Structures are given as C-alpha cells and as structure tokens.
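**Student:** Before anything else, here's the structure in question.
The values are calculated or read from the model by the stated rules, or taken from the named source; none is laboratory data. Note that the structure is a prediction, hence the values are computed from the model and not measured. Because the Cβ atoms are built from the backbone with ideal geometry, glycine has one as well, and the counts that use them run over all protein chains shown.
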Amino acid sequence: MTTAFAFATATEILFGRGQADTAAARISALGKRLLLVRGQSEVRSRDLAQALTVAGCQIIPYAIAQEPELSMIERGVALAREHRVDAVLAIGGGAVIDAGKAIAGLVPGTRPILDHLEVVGRGLPLEHAPLPFVAMPTTAGTGAEVTRNAVIGVPEHRRKVSLRDPRMLPRLAIIDPALTDNCPRGITLASGLDAITQVIEPFVCTRANHLTDALCRDAIGRGLTAIRRLMQAEDPEARDEMAWVSLCGGFALANSGLGAVHGLAGPLGGLSKAPHGAICGALLPHVLRANRRAVTESRLLARLDQVALWINAAFGDHDQDMERAASRLETWSREAGLARLSELGVSRAAMETAAVSAAASSSMKANPAALSAGELHDIMLAAG
C-alpha cells in the first residue's frame, strides 16, 4: 500500500542547457523593476542583466560576497523597498539564492526579521505573500532553487537559522547547467558533496516517501559518478548530471527530511563560518558509519546498506559493507582536496557546543537513529 504524502515545489521549473539564454522574457513578465541578487563577481549574471535591460527592465544589483548574515538581508530588504521592486532574481550559488529568497519574502512585511527566524527568533510565518522570486543556480549543491526556506547567519547568536514559509518557494526556477561550467574545483567538490548528502539523507531518513525515494535512488549513484569525473577534468555531461542531482536533493529535502550531517552543519557553520558544503562533505562518511551502527529497524538498515552498495559500486566494488564504503568516500574526498573540520577552522569548543545544539535540531528529528550529543561529538572528532 502506498503511504500518503504531500509534495511541494517551485511553481515552474526550467531545466537544461540553454535555458538561461531565453530567461529574460520569462523574468521580465514578472515586473520591470528587478532586484538582481548575485555573487561578488558579475561575470555569470552580466549577460542576463543586459538582456533584461534590453527587455525594458530596471536592474538594481545587490552583491552577496559570502554566506548571508542578518545584516546583509536587512540591507537587501531596504534596497528593494527603496526602489519599489516588482520582483527579485537571484543568480549564484546557494548562499545567493537563499539571500534572494529571504529578501523577496521579507520586503512586503513590516515586522522585524527576527520575528520570523527560527531558533533565535519567534518563528512567525510571513505576514504577506513574498514578491515573485526567480532562482538561477550557478553551482550544483544546495538545491535552494526548489526549497521553502533560507538559511541566514546571526553572528550575535553564533548560529545559522532558517527563515521558513511555504510561500517562499520560487515562482520560477531556471536550472541551466552551463552556468556551472568551469566552476572552481574546490567549490565543485564541496557543493557536489553537499548535493550528494542531500539525496542520501532524505533516502535514509524516517520521513522518506515514494516520490522522494524515486528521486534519490536515481540520483545517488549518478552524483557519485559525476563528482569523480569532475575531479579529473572539466566535463559538461558531468556538470549536467550534478545539476540534476542538486535539483533532486532540493526536491527531496523539502519534502521528506535530512539528518545528522545537516543537523551538525547548521550550528558548526554559525560557530566557525566554515563553508556549508565542505562541512557536509567532511561529516558524511562518519555520520553514515554512526547511523549504520546505531540503527536497529530492518527497513532503515536495508536503506543504509543500499547506500553503501551505491558508494562501493562507484569505486568499482559491489558489496553492502558500510565501513568500507565510508572509508572509500572519506579517502577519496581527502585526496580530491576536501579539508578536515579543523582545517576549516572548526575548534574543539565549537564541536562541543554544536553537539548539544544539533541533538535538538529539526534535521536530527528525521535521522534514522537517535544519536546522543556524545555520539555526535565523536562524529565531529572523527571528521576533525
């Protein structure tokens, strides 16, 4: 019998090479005054900005040079209100898309941002529907183009927390893998491992459903193969594969859940400012080991064993041994250039604090095993 489930995503999704070339007409139909949220460099957004200008749009650029913090969102909201923008477009990595999503959600409201933030604020729903929002990723990692939350750093609390509302799903998501071509190797590795984590965790979590299963089963092996190819050479077909895997991860995490990797990555990112994808990549093998040791339910054990099989198969073997799979993934990631947690600036004190915070996080609620703060601390030590 099929278990009941719900599935929500962006209003419209355009996927494939060349989609960015025709995006201006679709975006300009949403309004003529556009806040364009981008990364520090304008290289990947320049052509689109020019096409939108030709289409009669006024472009108000806003650069996000790092993972978004509260003050950056406040400045973006003020800029959007000052120019009375009709819509928000974000073209960049997951941090840029999260920033654009948050700004679009907050511009129509009147409350302080903290009223809407989880954990450190009141977690209130948005007062009004967000401005129309368009997401165009230039990395293959977070899947933020199809999720309903934005992760924001709050330095005074040393936390990264979510602004979340079902209406924050983008009006239009345009995923053109060509925008990820020639992405720097380090970013490709970290964001790619984040994408792979985000199809593994929803598959083994306690809230998995038939639709997210279908997406994750297809994506895990494809992602592992593609990221290995990209660490050897630039490869457009592998870029296409990783863009698809990232999209599947966004679908899956928004409609089932995550687990201990993301439960730990949230507080660790706030405490250290280490890049989110790199944290996830460093933690993944050790969380898989810990979950396989702790899980007792046969259904979840079978899923973890299947993940081990997919990992081992990517390295030319065909067994379900999780210890071997985790060791292979850890060794390969390190050889490809992924840093350990300590090399990312994560201190022992941060690990102790994160273990306590993560044990009560929303991501941990869907983890296949109930891991204690002590077990989570051990995971970080092993990854450190």
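**Student:** (1) surrounded by 14 or more Cβ atoms within 10 Å (Cβ to Cβ); (2) not assigned by TED's automatic domain parsing to the domain that holds residue 67: which one isn't true of residue 6, the others all being true?
**Tutor:** Evaluating residue 6 over (1) surrounded by 14 or more Cβ atoms within 10 Å (Cβ to Cβ); (2) not assigned by TED's automatic domain parsing to the domain that holds residue 67 leaves (1) as the failure.
**Student:** Just the residues that are of a type in the set (Gly, Ala, Ser) and crowded, with 22+ Cβ neighbours inside 10 Å, please, taken from segment 315-325.
**Tutor:** Step one: filter segment 315-325 for residues of a type in the set (Gly, Ala, Ser), giving 316, 325.
Once the filter is applied, which keeps residues that are of a type in the set (Gly, Ala, Ser) and crowded, with 22+ Cβ neighbours inside 10 Å, segment 315-325 yields only 325.
**Student:** Kindly evaluate residue 126 against the criterion of being out of contact with any Phe, Trp or Tyr (no Cβ under 9 Å at 6 or more places or on another chain) and either surrounded by fewer than 24 Cβ atoms within 10 Å (Cβ to Cβ) or of a type in the set (D, E, K, R) (or both). Show your work before the answer.
**Tutor:** Details: out of contact with any Phe, Trp or Tyr (no Cβ under 9 Å at 6 or more places or on another chain): yes; either surrounded by fewer than 24 Cβ atoms within 10 Å (Cβ to Cβ) or of a type in the set (D, E, K, R) (or both): yes.
So residue 126 fits the description; yes.
**Student:** For segment 158-188, which residues satisfy the criterion of being surrounded by fewer than 23 Cβ atoms within 10 Å (Cβ to Cβ) and either under 23 Å from residue 258 (Cα atoms) or among the hydroxyl-bearing types (Ser, Thr, Tyr) (or both)?
**Tutor:** Across segment 158-188, the qualifying residues are 158, 159, 162, 164, 165, 166, 167, 168, 169, 187.
**Student:** In segment 275-296, how many are within 15 Å of the chain's Cα centre (by Cα) and outside any helix (DSSP H, G or I)?
**Tutor:** The qualifying residues number 1.
**Student:** Another question, if that's okay. Within segment 90-137, can you find the residues that are touching a residue at least 60 places away in the same chain (Cβ under 8 Å) and among the basic types (Lys, Arg)?
**Tutor:** Within segment 90-137, 101 is the sole residue that qualifies.
**Student:** Hey, another quick one. Which residue pairs have Cβ atoms closer than 7 Å, lie 6 or more positions apart in sequence or on different chains, and pair a first residue in segment 353-380 that is outside the structural domain of residue 342 (by TED's automatic domain parsing) with a second residue that is among the aromatic types (Phe, Trp, Tyr) and crowded, with 22+ Cβ neighbours inside 10 Å?
**Tutor:** none
**Student:** Among (1) under 27 Å from residue 123 (Cα atoms); (2) at pLDDT 95 or above; (3) assigned to a loop (DSSP other than H, G, I, E, B); (4) not β-branched (Val, Ile, Thr), where does residue 65 come up short?
**Tutor:** Evaluating residue 65 over (1) under 27 Å from residue 123 (Cα atoms); (2) at pLDDT 95 or above; (3) assigned to a loop (DSSP other than H, G, I, E, B); (4) not β-branched (Val, Ile, Thr) leaves (2) as the failure.
**Student:** Here's something else I'd like to know. Can you say whether residue 101 is in contact with a Phe, Trp or Tyr (Cβ under 9 Å, 6 or more places away or on another chain) and either charged (D, E, K, R) or over 23 Å from residue 250 (Cβ atoms) (or both), as far as the supplied structure shows?
**Tutor:** So residue 101 passes the test.
**Student:** Please count how many residues of segment 77-99 are of a type in the set (Val, Ile, Thr), within 21 Å of residue 44 (Cβ to Cβ) and in contact with a helix residue (DSSP H, G or I) (Cβ under 8 Å, 6 or more places away or on another chain).
**Tutor:** 3
**Student:** Among the residues that make up segment 59-79, is at least one of them surrounded by fewer than 24 Cβ atoms within 10 Å (Cβ to Cβ), over 16 Å from the mean Cα position of the chain (by Cα) and within 17 Å of residue 171 (Cβ to Cβ)?
**Tutor:** No, because not a single residue in segment 59-79 is surrounded by fewer than 24 Cβ atoms within 10 Å (Cβ to Cβ), over 16 Å from the mean Cα position of the chain (by Cα) and within 17 Å of residue 171 (Cβ to Cβ).
**Student:** Still on this structure, please answer the following. Kindly establish whether residue 338 is in contact (Cβ under 8 Å) with a residue 40 or more places away in the chain and either in a helix (DSSP H, G or I) or under 25 Å from the mean Cα position of the chain (by Cα) (or both).
**Tutor:** Taking the combined requirement at face value, the residue satisfies it.
**Student:** Can you find a residue in segment 96-105 that is in a loop (DSSP other than H, G, I, E, B) and in the same structural domain as residue 41 (by TED's automatic domain parsing)?
**Tutor:** No: zero hits.
**Student:** Of everything in segment 153-196, what is within 23 Å of residue 69 (Cβ to Cβ) and either β-branched (Val, Ile, Thr) or in contact with a His (Cβ under 7 Å, 6 or more places away or on another chain) (or both)? Give them in sequence order.
**Tutor:** Passing the criteria: 154, 161, 163, 187, 194.
**Student:** Can you tell me which residues in segment 1-55 are over 18 Å from residue 88 (Cα atoms), assigned to a loop (DSSP other than H, G, I, E, B) and either in contact with a Lys or Arg (Cβ under 6 Å, 6 or more places away or on another chain) or not polar (S, T, N, Q) (or both)?
**Tutor:** Answer for segment 1-55, where residues must be over 18 Å from residue 88 (Cα atoms), assigned to a loop (DSSP other than H, G, I, E, B) and either in contact with a Lys or Arg (Cβ under 6 Å, 6 or more places away or on another chain) or not polar (S, T, N, Q) (or both): 1, 4, 5, 6, 7, 8, 16, 17, 18.
**Student:** In segment 128-152, what count of residues is obtained for those that are touching a His at 6+ places or on another chain (Cβ under 9 Å) and either at pLDDT 95 or above or part of a strand (DSSP E or B) (or both)?
**Tutor:** Residues meeting the conditions: 1.
**Student:** On to the next question. Of the conditions (1) touching a residue at least 60 places away in the same chain (Cβ under 8 Å); (2) within 21 Å of residue 213 (Cα to Cα); (3) among the aliphatic types (A, V, I, L, M), residue 325 clears all except one; give me its number.
**Tutor:** Unmet condition: (1).
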